[in-house]
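The values are calculated or read from the model by the stated rules, or taken from the named source; none is laboratory data. In this text the structure is predicted, and so the values were computed from the model without any measurement. Cβ sites come from the backbone with ideal geometry, for glycine too, and all protein chains shown count toward neighbours.
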């Protein structure tokens, strides 16, 4: 039985939450889980790699910029199936992102680093930064495949 058939019959939408320290040692665990999740939802191998990379880049940006590479911060990642999209919500309580520096590096630049936000914007259908109270939130969405939507 195909996994999307099981979801269609159950009527239950998928949701998973991770709470992890801002320690890069945990990134491979999350990458592996996101990769498997995307495959279950029917994205192609290439799409799976791209989505996983975008989520990984977003988490890496939190570690580098919000927590300044300190491993003692907390990051929350929620992956939730919503109407026609998979939503990836990343939240932290580190330093707020400087809007003037987000995506500041030109794509043509040969400098190392700084391509994460380009990757996120190129791969995801939407990416929106929000701040509420002491928390930073990045909400990214990717349209689900038509076959998974049951159409």
Original post:
Does any residue of the stretch 66-81 turn out to be free of Cβ contacts under 8 Å to residues at least 24 places away in the same chain and within 16 Å of the chain's Cα centre (by Cα)?
Top reply: no
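Quickly run through the stretch 48-65 and pick out the residues that are within 18 Å of residue 121 (Cβ to Cβ) and touching a residue at least 40 places away in the same chain (Cβ under 8 Å).
Going residue by residue through the stretch 48-65, those that are within 18 Å of residue 121 (Cβ to Cβ) are 49-62, 64-65.
Answer for the stretch 48-65, where residues must be within 18 Å of residue 121 (Cβ to Cβ) and touching a residue at least 40 places away in the same chain (Cβ under 8 Å): 50, 51, 53, 54, 55, 57, 58, 60, 61, 62.
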Original post:
List the pairs whose first member sits in the stretch 32-46 and is at positive phi and surrounded by fewer than 19 Cβ atoms within 10 Å (Cβ to Cβ), whose second member is part of a helix (DSSP H, G or I) and at pLDDT below 95, and whose Cβ atoms are under 9 Å apart, counting only residues at least 6 apart or on separate chains?
Top reply: 42/3; 42/4
**OP:** Looking at (1) more than 20 Å from residue 31 (Cα to Cα); (2) at pLDDT 95 or above; (3) assigned to a loop (DSSP other than H, G, I, E, B), find the lone condition where residue 136 falls short.
**Re:** (3)
